[in-house]
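The next block holds one structure in the form of structure tokens; read it before the comments.
The values are calculated or read from the model by the stated rules, or taken from the named source; none is laboratory data. Being a predicted model, the structure only gives us computed values, none of them experimental. Because the Cβ atoms are built from the backbone with ideal geometry, glycine has one as well, and the counts that use them run over all protein chains shown.
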């Protein structure tokens, strides 16, 4: 993964090829000057020796390209007009040179992704159309999908598709296809980041200290997961009313017969209608049946469950739900399915069963703290039903607050929401004066009903 390489580049940039150094002392001198200036953030001073070593010895050291990016970033940021455009175009040439001379470190896909991002960020200066920007990202996605890791790039790829539809350049189906493609890629990336992060969390949980390198990767994976989660929400916001039932139903009706045996098309159609709450339409039932017949899977069984559930056939529905869950083998996908199942059970008021699935999701993907927040909300909603008197009932809110805080502990991206939720629950718990009047400070309260467990009353 190219990002892993970037994390360790600082330690490798000045590993010198002494064979080259012996052949050309001038290149070695300019490389050293460039390095010293860049380290001191004197990018303007670094420019001249960098250009000399770049032009004379393009294969001399990878630092020519890694540090060259920093130098040109500075030049672009601090220039205007024709000069700025020239530096942008030179950045493109630099990336091509990196791919030519250090192909083992700069993959073709990485180069094309960086160039597409640069084109987008410099669209005005380069006089590029939305279609040209779209084509650049489409090239990366179609030809170098495994290298397409930029959260920003995936977002731009989709938003340009929507913009071009609104401009009359694309059909609506293309918008939905790109939406699904981008979300699929985000799911793949998140699964990879989560698996790597979970290994580190398991190592820490076992009492083993992370290495220095692992210590850098942990916040990196957490940041990437948080960024991708935000982008997923932004995609839904950008597609807006385009993906409503009024648009989806006639579109899928029109294309259903031609795609009746296309498992991927059926999966996307069913998923979209489910996520956009278009499940009341008879077309949804037809799509689900065709999907399960064409490509039976954990996903298809889940959607059959939703049909049976909505028909009130809970006994049969639960059989499909269990079958769906058991068919899934990938831990991250299974965690996602466990959470989705728990959400359904929560809506039905089956809090105990929902908690079991939320806890299963936490076991499968411990870096995702959202199940803790959902469990906490169920505790809070059950407070009035659990306890023998008002004080004991409201003590449940302390228990809910404890659960909510766990979300921020395992998932830093949720720290703020977890803290706010916990504070809100604590605001509904007994006050200090009530603790004093009841003489409950420091005592333990056993919580009944489906919650179980116990909570210690805060000391005054």
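In summary, helices (runs of 4 or more DSSP H) completely within region 83-194 and bearing 1 or more residues that are over 17 Å from the mean Cα position of the chain (by Cα) and within 30 Å of residue 246 (Cβ to Cβ) occur at 130-143, 151-166.
Tell me, yes or no, whether region 194-211 has at least one residue that is without any contact (Cβ under 8 Å) to a residue 60 or more places away in the chain and at positive phi. For region 194-211, residues without any contact (Cβ under 8 Å) to a residue 60 or more places away in the chain and at positive phi: present. No other residue among 186, 164, 154 is in contact (Cβ under 8 Å) with a residue 60 or more places away in the chain and outside the structural domain of residue 86 (by TED's automatic domain parsing) apart from 154. Screening region 413-437 for residues that are part of a loop (DSSP other than H, G, I, E, B) and touching a helix residue (DSSP H, G or I) at 6+ places or on another chain (Cβ under 9 Å) and picking the one that is surrounded by the fewest Cβ atoms within 10 Å (Cβ to Cβ) gives 429.
Condition check ((1) over 22 Å from the mean Cα position of the chain (by Cα); (2) free of Cβ contacts under 8 Å to residues at least 12 places away in the same chain) across all residues:
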{"site": "361", "(1), (2)": "no, no"}
{"site": "376", "(1), (2)": "yes, no"}
{"site": "408", "(1), (2)": "no, no"}
{"site": "416", "(1), (2)": "no, yes"}
{"site": "422", "(1), (2)": "yes, no"}
{"site": "428", "(1), (2)": "yes, no"}
{"site": "437", "(1), (2)": "yes, yes"}
{"site": "449", "(1), (2)": "yes, no"}
{"site": "452", "(1), (2)": "yes, yes"}
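Do we have any residue at all in region 326-345 that's assigned to a helix (DSSP H, G or I), more than 28 Å from the chain's Cα centre (by Cα) and more than 24 Å from residue 413 (Cα to Cα)? The answer is no; no qualifying residue exists. A residue that is closer than 27 Å to residue 298 by Cβ, touching a helix residue (DSSP H, G or I) at 6+ places or on another chain (Cβ under 7 Å) and crowded, with 18+ Cβ neighbours inside 10 Å cannot be found anywhere in region 438-453.
Here region 387-404 is the region considered, the condition is being in a helix (DSSP H, G or I) and without any contact (Cβ under 8 Å) to a residue 24 or more places away in the chain, and the residue that is nearest to the chain's Cα centre (by Cα) is 393. Would you check if residue 170 is touching a residue at least 12 places away in the same chain (Cβ under 8 Å) and either crowded, with 17+ Cβ neighbours inside 10 Å or more than 23 Å from residue 367 (Cα to Cα) (or both)? Considered against the rule, which asks whether it is touching a residue at least 12 places away in the same chain (Cβ under 8 Å) and either crowded, with 17+ Cβ neighbours inside 10 Å or more than 23 Å from residue 367 (Cα to Cα) (or both), residue 170 comes out as no.
Conditions tested, residue by residue: (1) modelled with pLDDT of 95 or more; (2) over 22 Å from residue 239 (Cα atoms); (3) assigned by TED's automatic domain parsing to the domain that holds residue 61.
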residue	(1), (2), (3)
92	yes, yes, yes
98	yes, yes, yes
115	yes, yes, no
131	yes, no, no
142	yes, no, no
